[in-house]
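Report on the structure given below.
Here, each number is a calculation from the coordinates, and none is a lab measurement. Keep in mind that what you see is a predicted model, and the values were worked out from it rather than measured. Note that each Cβ is placed from the backbone with ideal geometry, even for glycine, and that neighbours are counted across all protein chains shown.
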Ligand SMILES: CC(C)(COP(=O)(O)OP(=O)(O)OC[C@H]1O[C@@H](n2cnc3c(N)ncnc32)[C@H](O)[C@@H]1OP(=O)(O)O)[C@@H](O)C(=O)NCCC(=O)NCCS
């Protein structure tokens, strides 16, 4: 088994969309609160990835993927803030690892890689939010992110049956 982390090129992104859709669908079907609600098959998830293609093409979103034996099993993205007064800031989004590939350090490796991409671009203040009490909450705490606070009832859970709180985090990188 060979695991790798890679930043998708603009052309590589188009080829990766089916794999990215499978991972997003699997996470939502597994209950993750990541903007969508189950049932959420891969053909629906594909629309999300198609929708951000222009921003990826423009270089405003940097997409990292984790592969095992060549197959995409995880992803995360660095979203560069384009507001003129926030040239130092970026956000982390769509941190997703397929249920079959969890607890192997892939999310940690994806995030570490994107923090490096942020530093290389002079983006030294990173922000994200995630479901309070989730696996991702534990992930960010374990990697030195600072909790800002939680907003109750921020979003629906992945099954759409209840509201959940979102915890906001930030991380100041050394540049
Ligand atoms: C959150 C998620 C990305 C973690 O992916 P992963 O590849 O399994 O995470 P890693 O193996 O890199 O874990 C790194 C550390 O995070 C923490 N962690 C990860 N999953 C955890 C869990 N289920 N429970 C507690 N801690 C967890 C641990 O500290 C872990 O280190 P350890 O395994 O040495 O103890 C994955 O569970 C997922 O895709 N969840 C659904 C989607 C989602 O909610 N994404 C977040 C959107 S903001």
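Any idea which residue in segment 27-44 is farthest from residue 162 (Cα to Cα), counting only those that are within 14 Å of the chain's Cα centre (by Cα) and crowded, with 18+ Cβ neighbours inside 10 Å? Give the steps one after another, and end with the answer.
Here is the first cut: in segment 27-44, the ones within 14 Å of the chain's Cα centre (by Cα) are 27-28, 32-36.
Adding the requirement that they be crowded, with 18+ Cβ neighbours inside 10 Å leaves 27-28, 32-34, 36.
Values: 27: 17, 28: 14, 32: 12, 33: 10, 34: 14, 36: 13 Å.
Among them, the one singled out is 27.
Exactly one of (1) in a loop (DSSP other than H, G, I, E, B); (2) surrounded by fewer than 14 Cβ atoms within 10 Å (Cβ to Cβ); (3) touching a residue at least 24 places away in the same chain (Cβ under 8 Å); (4) within 16 Å of the ligand (Cβ to nearest atom) is unmet by residue 103. Its number?
(3)
Report those strands (runs of 3 or more DSSP E) wholly inside segment 117-175 carrying at least 2 residues which are exposed (fewer than 12 other Cβ atoms within 10 Å of the Cβ), touching a residue at least 40 places away in the same chain (Cβ under 8 Å) and in contact with a helix residue (DSSP H, G or I) (Cβ under 7 Å, 6 or more places away or on another chain). Give the derivation first.
Working: elements: 125-131, 146-156, 163-172.
The strands (runs of 3 or more DSSP E) meeting that bar number zero.
Those residues that are over 28 Å from residue 157 (Cβ atoms) and touching a residue at least 40 places away in the same chain (Cβ under 8 Å), I need them from segment 9-33; list them, please.
Hits for segment 9-33 are 10, 13.
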